[in-house]
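For reference, the structure is listed below as structure tokens.
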Amino acid sequence: MKMKIIETETSPETAKNYVRLRRGIIDHLTEEKLTWDEFSLLEYLIIRANPKNGKLFTSYNLLSNETHCRYSINRINKLLLSLKEKLYIYYPEHKGSGKPFEVSIDKYPLSNKLYLKIIEDNEAELFTRKQNFVRAKKSLVKGLSIDNR
């Protein structure tokens, strides 16, 4: 069968259901910052997350079932803990494997073109000040460019 590949302006019906993935995450895998299992679970979480807030509600049981028991509940727990320690994800402390909990994904590209960022508590104030400085600088530059017209 002979095929041709063409470009089209018509988007497929599923075009609104795509997820942008960071290309750099593959480097984390090849540089062994992530194991294959961590990488697989992280990509799965990214695909399942809400595109508006970069978060999802899940449980160890649910993840084990959704991966067709490829990973046991205990293995899911260990993988999530490892991803949390490496600051790829964050979730609050909780007890039990059956209760759903909220997972946030670092550097998740939100639908409003912003990104979710996970930082440690001691970095939060410094990060906020830095963000405010950048906003003020952009506002000043924008104001100067308007005045120069």
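Details
- Mean Cβ count within 10 Å, highest first, over the residues of peptides 74-81, 56-63, 24-31, 4-11: 56-63, 74-81, 24-31, 4-11
- DSSP-assigned coil residues among GluC sites (Glu not before Pro) in the range 84-114, each with at most 16 further Cβ atoms within 10 Å: Glu93
- When the pairs Lys78/Lys113; Lys55/Lys99; Lys55/Lys84; Lys52/Lys107; Lys52/Lys137 are compared against a 20 Å limit on Cα-Cα distance, Lys78/Lys113; Lys52/Lys137 fall above it.
Every read-out reported here was derived from the displayed coordinates using simple, explicitly stated rules and does not represent laboratory data. Values in this document were obtained by computation on a predicted structure and should not be read as measured data. So basically every Cβ, Gly included, is an ideal-geometry build from the backbone, and we count neighbours across all protein chains shown.
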